[in-house]
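Please read the structure below before turning to the comments.
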Amino acid sequence: AVKALQKEGAYINCVPYGYMKDPINKHLYYIDTATAPYVKLMFDLYINGMGVRAIAKKFNEENIPTCTMIRKQRLESFGKATRYKQTLWGGDAIKRMLSNTFYIGTLTLNKTMCRTINGKRSKNPSDKHYVFENAHDPIIDKTTFDLAQEVSLQRKKKTYRGTKINRPNIFSGMLVC
């Protein structure tokens, strides 16, 4: 049933930060005007040279609500009890958001699969993904997203001290276990 919904392009998971599910039709989602500016700010800061950890620190200092905090507020507004705790922004969350194509209007489904009911999730190869271009309103335009991916690739080529990773180590091959 889940695969059939995915092939049709019905999004069945929690929507990413910056979007909101329609309370009536759970397969529809739209831009959340309260959190979308933070997504734009995140991309702008990253493109202008700030790292993911520095962005997370800035968001924590400015008390910008995290995904979990937004989810908790929404559930409590409907009168539902939650176990969510107040969390802080982390570099990993920022990094995932910066590489998520959902923000440019592309819906990609079937990225992972689970072989058993409560088993481990494994990544599917990209040829098995269901990709729907222009599936919803984008928060970030394509050029900004591509620029962020380019900046990310440039930053991966160097270590935090600025030296190239592919430089051979003078001690390589001397020690054998």
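The values are calculated or read from the model by the stated rules, or taken from the named source; none is laboratory data. All values reported here derive from a predicted model rather than from experimental measurement. Don't worry about glycine lacking a Cβ; one is built from the backbone with ideal geometry, like all the others, and counts go over all protein chains shown. Each accessible area value is taken on the protein alone, full model and side chains, heavy atoms only, with ligands, DNA and RNA left out. Shrake-Rupley method; radii C 1.70, N 1.55, O 1.52, S 1.80 Å.
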Filtered residues of region 14-60 (kept if of a type outside the set (A, V, I, L, M, F, W, C) and under 10 Å from Trp89 (Cα atoms)): Arg53, Lys57, Lys58, Asn60
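Criterion first (surrounded by fewer than 17 Cβ atoms within 10 Å (Cβ to Cβ), touching a helix residue (DSSP H, G or I) at 6+ places or on another chain (Cβ under 6 Å) and assigned to a helix (DSSP H, G or I)) does Leu147 satisfy it? Spell out the reasoning first.
Numbers: surrounded by fewer than 17 Cβ atoms within 10 Å (Cβ to Cβ): yes; touching a helix residue (DSSP H, G or I) at 6+ places or on another chain (Cβ under 6 Å): yes; assigned to a helix (DSSP H, G or I): yes.
Criteria met by Leu147.
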Close pairs (6 angstrom Cβ cut-off, 6 or more residues apart or separate chains): over 15 Å from Lys21 (Cα atoms) in region 68-83, aliphatic (A, V, I, L, M) anywhere: Thr82/Leu75
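Starting from residues that are in a helix (DSSP H, G or I) and polar (S, T, N, Q), keep the ones in region 96-142 and report whichever is least open to solvent (accessible area, probe 1.4 Å). Before you say what the answer is, go through the steps one by one.
Narrowing region 96-142 to residues in a helix (DSSP H, G or I): 96-98, 101-104, 126-128, 142.
So of that shortlist, the ones also polar (S, T, N, Q) come out as 101, 126.
Numbers: Thr101: 43, Ser126: 97 Å².
Here the answer is Thr101.
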Per-region count, region 75-87, residues open to solvent by 60 Å² or more (accessible area, probe 1.4 Å) and either at pLDDT below 80 or part of a loop (DSSP other than H, G, I, E, B) (or both): 8
Checking Met69 against (1) out of contact with any helix residue (DSSP H, G or I) (no Cβ under 9 Å at 6 or more places or on another chain); (2) closer than 20 Å to Pro138 by Cα; (3) open to solvent by less than 40 Å² (accessible area, probe 1.4 Å), the condition it does not meet: (2)
Test: residue in region 88-95 that is small (Gly, Ala, Ser) and open to solvent by 40 Å² or more (accessible area, probe 1.4 Å): no
Qualifying residue in region 23-37 (condition: at pLDDT 90 or above and among the aromatic types (Phe, Trp, Tyr)): no
Residue within region 32-44 that is free of Cβ contacts under 8 Å to residues at least 24 places away in the same chain, part of a helix (DSSP H, G or I), out of contact with any Gly (no Cβ under 6 Å at 6 or more places or on another chain) and surrounded by 17 or more Cβ atoms within 10 Å (Cβ to Cβ) present: no
Enumeration of residues in region 58-67 that are free of Cβ contacts under 8 Å to residues at least 24 places away in the same chain and either within 19 Å of the chain's Cα centre (by Cα) or on the phi < 0 side of the Ramachandran plot (or both): Lys58, Glu61, Glu62
